[in-house]
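Input: a single structure, listed below in C-alpha cells.
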Protein chains: 2
Amino acid sequence: MGFDLEQATGLLARTPGALGELLSGLPDAWIRATEGPKTFSAFDNVGHLIDGEETDWIPRARIILARGPEPRFEPYDRFRHYARNAGRSLDSLLDEFALLRAANLAQLRAWRLTEAELDLPGEHPALGRVTLRQLLSAWVAHDLGHVAQIARVLAKQYVAEVGPWVPFLPVLTDHPVPRS
Amino acid sequence: MGFDLEQATGLLARTPGALGELLSGLPDAWIRATEGPKTFSAFDNVGHLIDGEETDWIPRARIILARGPEPRFEPYDRFRHYARNAGRSLDSLLDEFALLRAANLAQLRAWRLTEAELDLPGEHPALGRVTLRQLLSAWVAHDLGHVAQIARVLAKQYVAEVGPWVPFLPVLTDHPVPRS
C-alpha cells in the first residue's frame, strides 16, 4: 500500500480518540503497570506520544521544509516524558495529546504538500538521509506501534489470571524481552 | 494484578468504541490488508471478535453456570467469520460487535457473580479444566490481543513507506511468522 497523505492524516487523527476510548478512566493499577523494568506503562506510552507531537514529527517536517543546507534533525529524547509528566493524570495527558495532535494535523493540512515536497530530504541523527514522505509514514506506523504496545502491556497484567489460556493468547508472551 | 470483575467488565465495554474510533471509515485497502497468507486483516479481526460474542465467552460461561456433570465447552471455530461476513462492510460489523458486546455485558452483570461462582469449573476441549474466573480473564486478554493485532496489521502496510525507520519501529517486524 503506497503512502497517501490524506489517508495518513486521516489515520493520525484517529489515535487520540481510540486511546481515549481504551484508557480514559481505567484504574491506576492498570494504567501504571509495565512489562518489566525500563518498559513503558500505558501512561508512559501516552506521554511518549505527546513528546512526539512536541519534539519529533512536525518539528522535523519543519526542518525539511525549510530547505536549509543541512536539514539535520535534533536527536529525540525517548524519556523526556518521565520528568515532564510527573504528577499528571492520564486523562489530562489524553486531553493534551488530542489538542496537540489536532494542531499538528491542522499545520500538516495547511502546508498542502506536493509530491515534490514529500520527496525533500532530512538528515536523521542515527538513520541518515530520510524523506518527508518517510517521516510522515513513520509517524503513522509509530502511532499504531504504540496502540499495539498499550494493548499488550494492559493484557500482560492478566497473564497469571488466565491460567491455562496462556498459549492461546500470544499477546501475553510477546516481547519477553521488551523492545519498547 | 488480580482479576476484578468490575474492572474486567469495564475494560470489555471499551473495546467496541476503541475499535470504532480506530477503524470506522478507513479505506478498504487498509482494512482488508493482512500480514501474509492465512492471517487476519483488521476486518477479519472484528469478525473474529463477533464470533467470540456469539459462540465463545458468554456461551461457555453459561455452560459453567449450569453446573452440569460435564461442563464441556463446544470447540471454537476460529474461521467461522469468513463465511458469515462475506459481503459485509466493516462499519456494519463494528455496529454489530458493539450491540453483541453490550448485550453480553448486560448478561454478565445480571448474573451478579460471587467469588464462589467465579471458581466454578468448565472443561475446555484443548486446555482441560478452567475456571469461570480464568474464562473471563481470557476474554479481556483476548480483546486486547486483537486490538494489538489490528494495530500491527495496519502498521505493517507502511513497512516499505517508512524507509530507513524500520529498525526503530518494532511493530513492523513483530510476528514475522504470524501466530494469529
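The values are calculated or read from the model by the stated rules, or taken from the named source; none is laboratory data. Computed from a prediction, not measured in an experiment: that's the story for all the values here. Neighbour counts are summed over all protein chains in view; Cβ atoms, including those assigned to glycine, are modelled from backbone coordinates with ideal geometry. These area figures cover heavy atoms from the full protein model, side chains too; ligands, DNA and RNA do not enter into them. Shrake-Rupley method; radii C 1.70, N 1.55, O 1.52, S 1.80 Å.
Mind running the shape call on the protein assembly as shown? Use the C-alpha gyration tensor, a ≥ b ≥ c as the square roots of the eigenvalues: rounded below 1.5 for a/c, prolate if a/b tops b/c, oblate otherwise. Here the protein assembly as shown falls in the prolate category. Summary of the geometry: the stretch B:76-148 and the stretch A:79-93, compared by the centres of their Cα atoms, lie 34 Å apart. For the protein assembly as shown, the share of accessible area belonging to carbon and sulfur comes to 54 percent (1.4 Å probe, ligands and nucleic acids excluded). Mean partner shielding of peptide A:19-25, defined as the number of other chain Cβ atoms within 10 Å of each residue Cβ, is 5. On the principal axes of its alpha carbon atoms, the stretch B:6-148 extends 48, 29, 22 Å, with the longest extent given first. Note that the stretch A:102-115 has calculated 3J(HN,Hα) couplings of 4, 5, 5, 6, 4, 4, 4, 5, 5, 5, 6, 5, 8, 4 Hz, one per residue in order, obtained from phi through the Karplus relation 6.51 cos²θ - 1.76 cosθ + 1.60 (θ = phi - 60°); glycine and proline are x.
Using only alpha carbons, build the gyration tensor for the stretch B:48-110 and give me the equivalent ellipsoid semi-axes, biggest first, whole Å.
On the way: eigenvalues 123, 50, 5 Å².
Calculated on Cα positions only, the semi-axes equal 25, 16, 5 Å.
Bridgeable lysines around residue B:38 (alpha carbons under 30 Å apart, same-chain partners fewer than 8 residues away excluded): A:156, B:156. Between residue A:173 and residue A:83, the contour length at 0.36 nm per residue exceeds the Cα-Cα span by 29.4 nm.
Per residue, the convex hull spanned by the alpha carbons of the stretch A:109-180 comes to 129 Å³.
Using a probe radius of 1.4 Å on heavy atoms only, what accessible surface per residue do you get for the stretch B:25-180? Whole Å² is fine. All intermediate terms of the calculation are to be shown ahead of the outcome.
Working: 6660 Å² over 156 residues.
About 43 Å² of surface per residue is accessible.
Interface size between chain A and chain B, please: total buried accessible area, 1.4 Å probe, rounded to the nearest 100 Å². Walk me through the numbers on the way to the answer.
Values: alone 9990 and 10010 Å², together 14960 Å².
So the buried area, both faces added, is about 5000 Å².
One equal scatterer on each Cα of the stretch A:72-137, no solvent, Debye formula: the resulting log10 I(q)/I(0) at q = 0.12, 0.14, 0.24 Å⁻¹ is -0.48, -0.64, -1.07.
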